[in-house]
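K.L.:
One structure, pasted below without further comment.
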């Protein structure tokens, strides 16, 4: 019988459960092709271990077939650099003395630990598993709302492969020279300096007429939107595609430290936050919040935004459809690859009922919230036995008003379909409040709870 990728890991764990290893540390290693090997700590070997490991290797080869590594069992004593496997920082705990290391081209950011919430302004992430849920417009509405309160806001477009926030908040004439993609390319060769940061940030007219400020950091600046061409003097204008192909790598600093993709992006945000604190002559005031527009799906960019940036709150935009809930089930499953990471971030997550229709609204929201609770109960919350007094368990009740499943609403309205939030026009303040009021109140409460909030 052929063993498929979906079955190989479970088969490996089943075999290990039946193998008498006497509590020895084991690390299951799955390489880029999906082939599996098992590292076994044999530093305290006994006379029978060699036979046990030989039998283990034979069974793994027979059961896994093409998904068994050439050497399915790796003895620690025979490895040149055993710490690369046994001390891998991305290892996921599977049980006592057993861990999993995934060697992936993409997806590794889901397995990395979530950092502590960084010092500085709170970061708010806007995410949707699928596009078309109105998250970017909601972000723009919140930016304007907070500017009306006199707050200083930075908006960052991390939807690098389908950028749109820059064009939503900035006219072509105001687009800055560089963007996030440029930072990543320049940072990889040690050229992400203060002048680059200055050329990545530009004020948006969405705050016009308010006492606040809104700065935009686009995914790509004016220099990155043209096709690559070589001019008469040999100068090259790099296109967005050419930069993206180099953007997702790790980078080694002058001190030899290798910074992974998520660490690099978080560092970029820190530099932007520091720069904008003194962006205006004679004014030294930190930002009040940073709003991050994340990529859809389960790409590493989504992992970075939701897991690796230390977000104060992450808004998960959703509609009540089977495809949406299947997607969030998969998302929560990726988050759960590290239980320590899930425990650290889950209270910052909040589903948002987006594009709520006019007709049958009450029934729609009842269905949405029931599905939201079911998915959170399955993927985010702790299982608590009836009558349990476990104070550390996180398992909000279905009628909780401040939990990941207790979704604020954004109502659908035809008037918003072609609306430009910078130019204003066809949409009145009352219509904005009617459609977005629930969401804005939720964001306001979250901002006020931040220790450094001036709101």
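K.L.:
As an exercise: evaluate residue 432 against (1) under 23 Å from residue 136 (Cβ atoms); (2) modelled with pLDDT of 90 or more; (3) surrounded by fewer than 19 Cβ atoms within 10 Å (Cβ to Cβ) and give the number of the one condition it does not meet.
P.N.:
Residue 432 satisfies all of (1) under 23 Å from residue 136 (Cβ atoms); (2) modelled with pLDDT of 90 or more; (3) surrounded by fewer than 19 Cβ atoms within 10 Å (Cβ to Cβ) except (3).
K.L.:
Ok, one more. For the structure I just gave you, tell me whether residue 329 is in contact with a strand residue (DSSP E or B) (Cβ under 8 Å, 6 or more places away or on another chain), free of Cβ contacts under 8 Å to residues at least 60 places away in the same chain and either closer than 30 Å to residue 446 by Cβ or buried (at least 22 other Cβ atoms within 10 Å of the Cβ) (or both). Before you say what the answer is, go through the steps one by one.
P.N.:
Values: in contact with a strand residue (DSSP E or B) (Cβ under 8 Å, 6 or more places away or on another chain): no; free of Cβ contacts under 8 Å to residues at least 60 places away in the same chain: yes; either closer than 30 Å to residue 446 by Cβ or buried (at least 22 other Cβ atoms within 10 Å of the Cβ) (or both): yes.
When the stated conditions are applied, residue 329 does not pass them.
K.L.:
Further, regarding this structure: So residue 434 fits all but one of (1) free of Cβ contacts under 8 Å to residues at least 24 places away in the same chain; (2) in a loop (DSSP other than H, G, I, E, B); what number is the exception?
P.N.:
That leaves (2) as the condition not met.
K.L.:
So which of 53, 16, 84 ends up being crowded, with 18+ Cβ neighbours inside 10 Å, part of a helix (DSSP H, G or I), more than 25 Å from the chain's Cα centre (by Cα) and without any contact (Cβ under 8 Å) to a residue 40 or more places away in the chain? Don't jump to the end; show me each part of the working.
P.N.:
On the way: 16 fails: without any contact (Cβ under 8 Å) to a residue 40 or more places away in the chain; 84 fails: crowded, with 18+ Cβ neighbours inside 10 Å.
Of the residues listed, the single one that is crowded, with 18+ Cβ neighbours inside 10 Å, part of a helix (DSSP H, G or I), more than 25 Å from the chain's Cα centre (by Cα) and without any contact (Cβ under 8 Å) to a residue 40 or more places away in the chain is 53.
K.L.:
Looking at 355, 377, which is the one that is closer than 13 Å to residue 406 by Cα and either surrounded by 14 or more Cβ atoms within 10 Å (Cβ to Cβ) or out of contact with any strand residue (DSSP E or B) (no Cβ under 8 Å at 6 or more places or on another chain) (or both)?
P.N.:
Details: 355 fails: closer than 13 Å to residue 406 by Cα.
Exactly one of 355, 377 is closer than 13 Å to residue 406 by Cα and either surrounded by 14 or more Cβ atoms within 10 Å (Cβ to Cβ) or out of contact with any strand residue (DSSP E or B) (no Cβ under 8 Å at 6 or more places or on another chain) (or both), namely 377.
K.L.:
For the condition under 30 Å from residue 340 (Cα atoms) and surrounded by fewer than 24 Cβ atoms within 10 Å (Cβ to Cβ), what is the one hit in 198, 212, 131, 190? If you could, list the steps in order and put the result at the bottom.
P.N.:
Values: 198 fails: under 30 Å from residue 340 (Cα atoms); 212 fails: under 30 Å from residue 340 (Cα atoms); 190 fails: under 30 Å from residue 340 (Cα atoms).
Only one candidate passes the filter, namely 131.
K.L.:
Can I ask one more? Please enumerate the residues belonging to segment 93-112 that are surrounded by fewer than 20 Cβ atoms within 10 Å (Cβ to Cβ) and touching a helix residue (DSSP H, G or I) at 6+ places or on another chain (Cβ under 6 Å).
P.N.:
Hit for segment 93-112 is 106, nothing else.
K.L.:
Let me ask something else about it. Could you please let me know if residue 45 is out of contact with any strand residue (DSSP E or B) (no Cβ under 6 Å at 6 or more places or on another chain) and either surrounded by fewer than 18 Cβ atoms within 10 Å (Cβ to Cβ) or not in a strand (DSSP E or B) (or both)? First the steps, then the outcome.
P.N.:
Numbers: out of contact with any strand residue (DSSP E or B) (no Cβ under 6 Å at 6 or more places or on another chain): yes; either surrounded by fewer than 18 Cβ atoms within 10 Å (Cβ to Cβ) or not in a strand (DSSP E or B) (or both): yes.
Here the answer is yes, as residue 45 does meet what is asked.
K.L.:
Scan segment 222-262 for residues that are modelled with pLDDT of 85 or more, touching a strand residue (DSSP E or B) at 6+ places or on another chain (Cβ under 9 Å) and either part of a helix (DSSP H, G or I) or more than 21 Å from residue 303 (Cα to Cα) (or both) and report the count.
P.N.:
1
K.L.:
Continuing with this model, one more query. In segment 100-219, which strands (runs of 3 or more DSSP E) lie fully inside it and hold 1 or more residues that are in contact (Cβ under 8 Å) with a residue 24 or more places away in the chain and more than 18 Å from residue 305 (Cα to Cα)? Break it down stepwise before answering.
P.N.:
Numbers: elements: 123-128, 152-157, 213-217.
Ranges flagged: 152-157, 213-217.
K.L.:
Kindly indicate the residue of segment 435-446 that is closer than 21 Å to residue 359 by Cβ and surrounded by fewer than 19 Cβ atoms within 10 Å (Cβ to Cβ) and also nearest to the chain's Cα centre (by Cα) among those meeting that condition. Talk me through it step by step, then tell me what you get.
P.N.:
Filtering segment 435-446 for residues closer than 21 Å to residue 359 by Cβ gives 435-439.
Remaining after also requiring surrounded by fewer than 19 Cβ atoms within 10 Å (Cβ to Cβ): 437-438.
Working: 437: 26, 438: 24 Å.
Among residues in segment 435-446 that are closer than 21 Å to residue 359 by Cβ and surrounded by fewer than 19 Cβ atoms within 10 Å (Cβ to Cβ), the one nearest to the chain's Cα centre (by Cα) is 438.
K.L.:
Does residue 164 meet the test of being closer than 23 Å to residue 248 by Cβ, at pLDDT below 90, in contact with a helix residue (DSSP H, G or I) (Cβ under 8 Å, 6 or more places away or on another chain) and in the same structural domain as residue 121 (by TED's automatic domain parsing)?
P.N.:
Taking the combined requirement at face value, the residue satisfies it.
The values are calculated or read from the model by the stated rules, or taken from the named source; none is laboratory data. Values in this document were obtained by computation on a predicted structure and should not be read as measured data. Here Cβ is always computed from backbone atoms with ideal geometry, including for glycine, and neighbour counts include all displayed protein chains.
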